[in-house]
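One structure is given here, and the rest of the page talks about it.
The values are calculated or read from the model by the stated rules, or taken from the named source; none is laboratory data. Here the structure is a predicted model, which is why all the values come from computation and not from measurement. Note that we place each Cβ from the backbone using ideal geometry, even for glycine, and neighbour counts take in every protein chain shown.
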Amino acid sequence: MNLKVDFAAGGIVLIDEKILIVKNKKGDSSGDQKSWWGYPKGHLEEGESPSVAALREVFEETGFVVELKKEKPIAESRYEVNLRGERVNKTVWFYEMGVVKPFENEPDDEILEVALVNYEDALSMLTHEEDKKILSYVFNK
């Protein structure tokens, strides 16, 4: 059986030794009905490059205008989710970003909260182990 694939991109937004994270209303998986903390990210739209999608998604989910620090992703995450009864292999590319203008817009309706926190707080707040591994990598811990 062939699995579907889904590509997404997001941002690792750093400000003065703090990282921007978001609390999502619910997870990608149909079995995950609870809200969860993670990095701002989302699906690539038709014809959209991962870096452009990452900038768009961070803005939509946080209201922050951001810019790429580098053209290449800082991290990649691969996992499987169950979407409406279908198994889907998901790949997410994360880009290191800086803030151009905070609070330019309201976060979209998928997001319950936006937080700018230090490493220790982010480590305790992030829901998924893969996100915690990325955090440790980014902060060299």
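Pairs linking a residue in the stretch 66-89 that is at positive phi to a residue that is surrounded by 14 or more Cβ atoms within 10 Å (Cβ to Cβ) and assigned to a strand (DSSP E or B), with Cβ atoms under 8 Å and 6 or more positions apart or on different chains, do not occur. Among the residues of the stretch 53-104, count how many are surrounded by fewer than 17 Cβ atoms within 10 Å (Cβ to Cβ), at pLDDT 95 or above and polar (S, T, N, Q). Residues meeting the conditions: 1.
Within the stretch 27-41, if we keep just the residues that are within 16 Å of residue 126 (Cβ to Cβ) and part of a loop (DSSP other than H, G, I, E, B), the residue that is modelled with the lowest pLDDT turns out to be 28. The residue pairs whose first member lies in the stretch 103-124 and is more than 18 Å from residue 34 (Cα to Cα) and in contact (Cβ under 8 Å) with a residue 40 or more places away in the chain, whose second member is of a type in the set (Phe, Trp, Tyr) and in a loop (DSSP other than H, G, I, E, B), and whose beta carbons are closer than 6 Å, counting only pairs six or more residues apart or on different chains, are 119/139. Inside the stretch 100-112, residues that are over 23 Å from residue 50 (Cβ atoms) and either over 17 Å from the mean Cα position of the chain (by Cα) or assigned to a loop (DSSP other than H, G, I, E, B) (or both) make up a count of 4. Of the numbered criteria (1) over 15 Å from residue 15 (Cα atoms); (2) under 12 Å from the mean Cα position of the chain (by Cα), the one residue 58 fails is (1). Only a single criterion out of (1) in a loop (DSSP other than H, G, I, E, B); (2) touching a Leu at 6+ places or on another chain (Cβ under 7 Å) is not satisfied by residue 97, namely (1).
Filtering the stretch 65-94 to residues that are closer than 22 Å to residue 133 by Cβ and part of a loop (DSSP other than H, G, I, E, B) leaves 69, 70, 72, 73, 74.
Quick grid of which residues meet (1) over 18 Å from residue 24 (Cβ atoms); (2) among the aliphatic types (A, V, I, L, M):
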position	(1), (2)
81	no, yes
88	no, yes
103	yes, no
115	no, yes
125	no, yes
138	yes, yes
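Among the residues of the stretch 113-141, those that are part of a strand (DSSP E or B) and surrounded by fewer than 18 Cβ atoms within 10 Å (Cβ to Cβ) comprise 113, 115, 117.
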